[in-house]
Amino acid sequence: MGETTNPGLEGVIVAETELSDVDGEAGELIIGGYPLEELAANASYEESVFLLLEGRLPTADELEAFRADLAARRRITEEVQQVLRRAAEDGAPAMDALRMGVAAASLGDDRDEPEATSGIDPEPRDDAMRLVAVVPTIVATYWRYRRDEEPLEPRPDLSHAANYLYLLTGEEPTPADVRGLETYLNTVIEHGVNASTFTARTVVSTESDLISAITAAVGALKGPLHGGAPGPVLEMLREVHEEGDPEGYVRAKLEAGERLMGFGHRVYRVRDPRAAVLSNGAERLYAQSADADFFETVQAFESVAVDALAEHKPDRRLETNVEFYTAALLDGVGVPRELFTPTFAVSRVGGWSAHCLEQLEDNRLVRPVSRYAGETDRTWTPVGER
Ligand code: ACO
């Protein structure tokens, strides 16, 4: 057994993947062979999912068939609706409701059950498609119940992104909002072996099924160290916008020893490449909106904060991370603040599912070892003598 322990598995290569490459020093992200910038600007979310599942872009005919296949799988069963209604009535947070909804996704359908003895998922790719299709419906159904509104029927004529916005609001979204959301969905769909992806791969490595793996991944994404905090970023930006004094805000926070939300990253030592893509997407969106001056505040705040952080921590480069512009972009397309992290899952379920299929292609049970640090010389004391 090794002499050293590595509690966070930092720097440990646990898998070979063809899905994405995260270069933290150069600030570059490649997804399915394409630089993020190219994919986010051009792809539909359906094309990004196809790319991850098949390892190449679809032809026009393949894309049409793929879109139709996904759209046909969007409905959730009455049983899942009941779980979500109950979660909403109980005031469960959105990520808890999503976890319950995904876990319940096998209720009330007629899929073949995994064989009781082996537990092997009979149709992992089929489950991948189904999960990508239903996560937006689960999030939106919960949200409608939370607002005392009846959930809506998914619209197969709308794209994946447009249908999600429609299910939330009941209105057909504008092309600008759809493009804004699609930019976001393409940007966060895949990012190496992060905590939730590793969780999903670990679950399927036992030859368990994808519904179990994605349920576990949602649980991992929920934590504040991972699913992040774009909600608090939005609150901060709205406050700064109202008060009109970014310098004063930043100075007060840093002097109080607080962290600025939306800055710093464990892997990136430069500006997170996803921030640039989301910033461009948000800029396009806000240029056409009545809230354009809010986006000016956001940009001004970034530059003030980066300068102040460089002065505050000269030895540690603290740049903008993905959460900063996520907040501005999702707010701009009309996603409610409470649904920012579930909307991350709406996208990332594509990456999780692709990783599960990749793991199953050449599976090896994930089973690290621990180093024992407990007692070794105890002798048994009967209960009456303790
Ligand atoms: N504002 C002010 N100071 C900061 C910030 C920040 N945003 N981030 C790091 N620092 C400081 C720390 O206080 C620490 O200072 P110290 O050495 O005097 O204690 C130093 O920089 C190094 O910080 P670490 O905690 O070692 O950095 P780590 O790599 O562990 O943390 C993290 C990365 C968690 C993202 C951190 O930068 C942070 O808390 N940022 C703010 C919250 C945030 O934006 N979260 C979303 C992250 S994006 C995502 O996860 C998808």
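The values are calculated or read from the model by the stated rules, or taken from the named source; none is laboratory data. What you are looking at is a predicted structure, and each value in this text was computed from that prediction instead of being measured. Glycine gets a Cβ as well: all are built from the backbone with ideal geometry, and neighbour counts include every protein chain shown.
Values computed for the structure shown
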item	result
Among (1) within 16 Å of the ligand (Cβ to nearest atom); (2) in a loop (DSSP other than H, G, I, E, B), the one test that R348 misses	(2)
Residue among R317, R371 that alone is away from the ligand (no atom under 16 Å from the Cβ) and at pLDDT below 95	R371
Hits in region 341-371 - residues which are surrounded by 24 or more Cβ atoms within 10 Å (Cβ to Cβ) and in contact with a Pro (Cβ under 7 Å, 6 or more places away or on another chain)	V346, C356
Residues of region 249-297 that turn out to be more than 22 Å from the chain's Cα centre (by Cα), outside any helix (DSSP H, G or I), within 15 Å of the ligand (Cβ to nearest atom) and among the hydrophobic types (A, V, I, L, M, F, W, C), as a count	1
Region 354-379 residues that are among the basic types (K, R), paired with ones that are in a helix (DSSP H, G or I) and at pLDDT 95 or above (beta carbon under 8 Å, 6 or more apart)	R364/S205
Test result for V240, more than 15 Å from V102 (Cα to Cα), in a helix (DSSP H, G or I), modelled with pLDDT of 95 or more and within 12 Å of the ligand (Cβ to nearest atom)	no
Unique match (being touching a Leu at 6+ places or on another chain (Cβ under 9 Å), assigned to a helix (DSSP H, G or I), more than 12 Å from the ligand (Cβ to nearest atom) and not hydrophobic (A, V, I, L, M, F, W, C)) among D307, D331	D331
Residue match in region 91-106 (condition: among the aliphatic types (A, V, I, L, M), farther than 20 Å from A213 by Cα, out of contact with any His (no Cβ under 9 Å at 6 or more places or on another chain) and surrounded by 14 or more Cβ atoms within 10 Å (Cβ to Cβ))	yes
Residue check for E338: closer than 30 Å to A140 by Cα, in contact with an Asp or Glu (Cβ under 8 Å, 6 or more places away or on another chain) and touching a residue at least 24 places away in the same chain (Cβ under 8 Å)	no
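Table: residues versus (1) outside the structural domain of A282 (by TED's automatic domain parsing); (2) farther than 29 Å from V322 by Cα; (3) free of Cβ contacts under 8 Å to residues at least 24 places away in the same chain.
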| residue | (1), (2), (3) |
| --- | --- |
| N6 | yes, no, yes |
| V14 | yes, no, no |
| I31 | yes, no, no |
| A40 | yes, no, no |
| A43 | yes, no, no |
| L51 | yes, no, yes |
| E64 | yes, yes, yes |
| M95 | yes, no, no |
